[in-house]
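Written out below as structure tokens is the structure these notes cover.
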Amino acid sequence: MDKRIGASKSVTLREVSKVFRDPQSGQDVTAVDGVSFRIEPGELVTLLGPSGCGKTTVLRMLSGFERPTSGRIMIGETDVTEVPPNKRDTAMVFQSYGLFPHMNVFDNVAYGLKLRKMEGSAIEEKVRRFLDMVGLGALAKRPPSRLSGGQQQRVALARSLIVEPSVLLLDEPLSNLDALLREQMRVEIRRLQRTLGITAMYVTHDRVEAMSLSDRIIVMRGGRIVQMGTPSAIYRDPVDTFVAGFVGKVAFFPCRVLDVGEGACRVELKGRTFEVPRWTQGLKKGDSAVVMARPESLSLGEPGAGIEDGSVTANVYLGNSVESWVRTDRGDVLVQIDNPDVKRIWAEGEGVSLTFEPGLAKVLEEGPRQ
């Protein structure tokens with residue numbers, strides 16, 4: 001049986017801005033600055049960025065809790081810019097759960113259906129179905145105070161989904177959970193979203209959540225969109241050093257551009273020449289730049305053999321890999337060593353040198369980093 005809960009719709013923001021008045025200074029502060037994007041029906045898109053970047057303000061404007069200063073917001077073909085929250089066909093999942101403490105699990109989930117005047121027998125059947133979907137069928141009569149954090153978030157998720165919204169909005173819903181529960185709930189949210197085929201926007205500052213949940217990620221900074229793309233594209237092909245550093249561990253090695261073209265950017269780094277297949281458009285011969293290298297693209301060798309010398313300060317065993325932290329003149333660098341049973345693990349305190357696999361790197365313009 002098809003479990004999709006309704007007609008998922010696209011979401012479109014066109015040059016949306018939000019300006020607040022600072023009550024202390026009396027000055028205008030731009031929280032969101034000309035943001036435009038489209039979410040396709042059934043797609044889960046995550047807004048990712050540091051605190052104060054504007055991501056939650058975008059979500060609140062989409063939900064109707066904030067009104068844009070300028071720009072338009074569309075759900076499907078309908079302009080909802082001036083439509084109040086209760087008329088937008090959206091549902092919100094908050095980080096604080098927002099459950100009614102005087103109601104049991106069943107009544108919390110049924111609340112939205114009762115507001116819609118659904119008949120009692122239909123409510124009973126639908127609530128049972130959604131509680132089973134989130135694995136809480138046996139806890140229907142339990143009060144929220146007797147539920148774990150993960151169970152409470154499942155109730156909140158079921159309560160939002162049961163009203164069959166066209167768009168599901170999630171505002172850092174896992175931030176109050178411990179690490180194991182966060183991991184479990186990430187899987188659960190993604191499973192439900194795909195099963196139901198619902199359009200969803202997820203807001204977080206946690207890169208692991210963004211990478212594991214999303215069809216696409218929108219990285220924001222200073223109220224603007226810096227980059228949009230799939231998790232793989234954002235990780236492997238960031239547009240600048242800010243995105244590279246925000247979405248994952250990374251090392252930056254200063255270099256000089258020797259030539260650009262024919263499928264590679266040729267750079268000089270510590271007297272050695274490398275051909276890197278990805279680079280920031282606009283780089284030209286003679287420019288100063290940096291090579292971006294992820295932990296899995298780095299390797300260790302004897303001192304003097306690579307491009308940067310240092311010493312191992314810590315080895316973290318993770319089963320299928322070891323994370324070696326190397327202290328260099330430019331700071332600590334993380335090296336990921338896969339299949340440690342068949343590779344050398346340099347002892348803590350040993351001198352080493354770093355090098356990188358050019359095919360996994362990218363040449364970026366020098367710029368501010370997070």
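The values are calculated or read from the model by the stated rules, or taken from the named source; none is laboratory data. It should be emphasised that the depicted structure is a prediction, and the values quoted were computed from it without experimental measurement. Glycine also receives a Cβ, built like all others from the backbone with ideal geometry; neighbour counts cover every protein chain displayed.
Considering region 74-114, the residues that are in contact with a Pro (Cβ under 6 Å, 6 or more places away or on another chain) and not in a loop (DSSP other than H, G, I, E, B) include one that is farthest from Ser8 (Cα to Cα), namely Val93.
Restricting attention to region 199-227, the residues that are out of contact with any strand residue (DSSP E or B) (no Cβ under 7 Å at 6 or more places or on another chain) and part of a strand (DSSP E or B) add up to 1.
When region 1-23 is limited to residues that are touching a helix residue (DSSP H, G or I) at 6+ places or on another chain (Cβ under 8 Å) and modelled with pLDDT of 90 or more, the one that is surrounded by the most Cβ atoms within 10 Å (Cβ to Cβ) turns out to be Val11.
Here Arg272, Arg278, Arg236 are screened, and the one residue that is farther than 30 Å from Leu44 by Cα and not acidic (Asp, Glu) is Arg272.
Pairs meeting the criteria (first residue in region 129-149 and in contact (Cβ under 8 Å) with a residue 60 or more places away in the chain and within 14 Å of Ala110 (Cβ to Cβ), second residue surrounded by fewer than 16 Cβ atoms within 10 Å (Cβ to Cβ) and not small (Gly, Ala, Ser), beta carbons under 6 Å, at least 6 apart or on different chains) are lacking.
Which of the residues that make up region 252-265 are out of contact with any Ser or Thr (no Cβ under 9 Å at 6 or more places or on another chain) and surrounded by 20 or more Cβ atoms within 10 Å (Cβ to Cβ)? Write out each step before concluding.
Of the residues in region 252-265, the ones out of contact with any Ser or Thr (no Cβ under 9 Å at 6 or more places or on another chain) are 253, 259-264.
Listed by number, the list holds a single entry, Phe253.
Scanning region 162-207 for residues that are modelled with pLDDT of 90 or more and of a type in the set (Val, Ile, Thr) yields Val167, Ile198, Thr199, Val203, Thr204.
Counting only residues that are surrounded by fewer than 19 Cβ atoms within 10 Å (Cβ to Cβ), touching a residue at least 12 places away in the same chain (Cβ under 8 Å) and not small (Gly, Ala, Ser), region 165-185 holds 4 of them. Answer with yes or no whether Lys117 is under 18 Å from Ser160 (Cα atoms), part of a loop (DSSP other than H, G, I, E, B) and of a type in the set (D, E, K, R). Yes: the conditions hold for Lys117.
In region 273-297, the qualifying residues are those that are without any contact (Cβ under 8 Å) to a residue 60 or more places away in the chain and of a type outside the set (Ser, Thr, Tyr), and the one that is surrounded by the most Cβ atoms within 10 Å (Cβ to Cβ) is Pro295.
Looking at region 40-60, which of its residues are assigned to a loop (DSSP other than H, G, I, E, B) and either free of Cβ contacts under 8 Å to residues at least 40 places away in the same chain or surrounded by fewer than 23 Cβ atoms within 10 Å (Cβ to Cβ) (or both)?
Glu40, Pro41, Gly42, Glu43, Pro50, Ser51, Gly52
Among the residues of region 120-162, those that are assigned to a loop (DSSP other than H, G, I, E, B) and more than 19 Å from Glu188 (Cβ to Cβ) comprise Lys141, Pro143. Checked against (1) loosely packed, with under 15 Cβ neighbours inside 10 Å; (2) without any contact (Cβ under 8 Å) to a residue 24 or more places away in the chain; (3) among the small types (Gly, Ala, Ser), Ala305 passes all but a single condition, namely (2).
Consider region 206-238. How many of its residues are of a type in the set (Val, Ile, Thr), surrounded by fewer than 19 Cβ atoms within 10 Å (Cβ to Cβ) and touching a residue at least 40 places away in the same chain (Cβ under 8 Å)? Qualifying residue count, region 206-238: 0.
Of everything in region 116-164 that is more than 28 Å from Lys87 (Cβ to Cβ) and of a type in the set (Ser, Thr, Tyr), the residue that is surrounded by the most Cβ atoms within 10 Å (Cβ to Cβ) is Ser148.
So, Leu113, is that one more than 24 Å from Arg60 (Cα to Cα), without any contact (Cβ under 8 Å) to a residue 60 or more places away in the chain and among the hydrophobic types (A, V, I, L, M, F, W, C) or not? In short, no. Give just the number: which of (1) on the phi > 0 side of the Ramachandran plot; (2) of a type in the set (Lys, Arg); (3) surrounded by 17 or more Cβ atoms within 10 Å (Cβ to Cβ) does Lys270 not satisfy? With (1) on the phi > 0 side of the Ramachandran plot; (2) of a type in the set (Lys, Arg); (3) surrounded by 17 or more Cβ atoms within 10 Å (Cβ to Cβ) applied to Lys270, the lone miss is (3). On the given criteria, is Lys284 of a type in the set (Lys, Arg), under 25 Å from Asp237 (Cβ atoms) and at pLDDT below 95? The answer is yes for Lys284. Within region 61-111, if we keep just the residues that are among the hydroxyl-bearing types (Ser, Thr, Tyr) and modelled with pLDDT under 90, the residue that is surrounded by the fewest Cβ atoms within 10 Å (Cβ to Cβ) turns out to be Ser96.
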